[in-house]
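*Asks:* Submitted below is the structure of interest, expressed as structure tokens.
The values are calculated or read from the model by the stated rules, or taken from the named source; none is laboratory data. What you see is a predicted model; the values in this text were computed from it and never measured. As a convention, Cβ positions derive from the backbone with ideal geometry for all residues, glycine included, and neighbour counts pool all protein chains shown. Keep in mind that these areas ignore ligands, DNA and RNA; they rest on the heavy atoms of the full protein, side chains included. Shrake-Rupley method; radii C 1.70, N 1.55, O 1.52, S 1.80 Å.
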Amino acid sequence: MNNQVSKNKYRRQVFTLLIAALVPVWSGIEVAHATATTIASVPIFASTATSAEVKPNVMMVLDDSGSMDWDYMPDAAGNFAGKYGFYSSQCNGVYYNPKIPYSVPVKSDGTSYANSTFTNAADDGFGLTTGNTNLTGRYYYTYSGAQTTEKLKDYYNTNSQFYQECSASTNTGTTVNGVLASTLFTKVTVSSTSGPGGT
């Protein structure tokens, strides 16, 4: 018992000395704090005075990593390549979605770029590349299953119903939990009238 009391007393003394030694070090450390700033009330380009201070209310971030050239999103959707999910907006966030109107890009002066033709659609709507694609024969899959909420869209659990459906083979006999995948995904060939307002 006395031995245990001595050990505890010794530990308290060592701890007290350690704290006493570190307090001067800690007291010299300064913590950086954010300071308040006035946000500009007019756009930066609206000020013509050379003495006008530009307030920090704009941050421009450009991502030029290789993933910006991928035709699937999120990254895990790449696992669906060659499967139903890769060609459906249900599983691939950047694949064609007929429910979304795709407007032509707008130039800096507010006017729109010219429309592409169906057989010669620009790969880059801003005209920065020279590639074009003939959309004849292109297709997508619509989805009619029940895995439609964001909570159910689990890209990382390979056993989830969502993942199993998206990674189903486009072979006509493929089943997911006893259901034919071809009843969940319907192939639609695009045409010049596809999408909102079209047939």
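*Asks:* Rank Ser160, Asn120, Val188 by how far each Cα sits towards the positive end of the charge dipole of the range 106-199 (+1 on Lys, Arg Cβ; -1 on Asp, Glu Cβ) and give me just the farthest.
*Replies:* Val188
*Asks:* A further question on this structure: Can you give the Rg to Rh ratio for the range 87-199, taking only C-alpha atoms and Rh from Kirkwood?
*Replies:* 1.05
*Asks:* Rolling a 1.4 angstrom probe over the protein chains, ignoring ligands and nucleic acids, what is the accessible area of Lys83 in square angstrom, nearest 10?
*Replies:* 70
*Asks:* Determine ³J(HN,Hα), in whole Hz, for all residues of the range 75-90 in sequence, where each value follows from phi through the Karplus function 6.51 cos²θ - 1.76 cosθ + 1.60 and θ = phi - 60°; x replaces Gly and Pro.
*Replies:* Using θ = phi - 60°, the values come out as 3, 5, 5, x, 5, 8, 3, x, 10, 3, x, 5, 9, 9, 5, 4 Hz.
*Asks:* Sticking with this structure for a sec: What is the gain in length, in nm to one decimal, between Leu128 and Ser108 on full extension, counting 0.36 nm per residue of separation less the C-alpha to C-alpha distance?
*Replies:* Difference between extended and current length: 5.8 nm.
*Asks:* First select every other residue whose beta carbon is under 15 angstrom from the beta carbon of Ser89; then total the charges, Lys and Arg +1, Asp and Glu -1.
*Replies:* Net charge around Ser89: +2.
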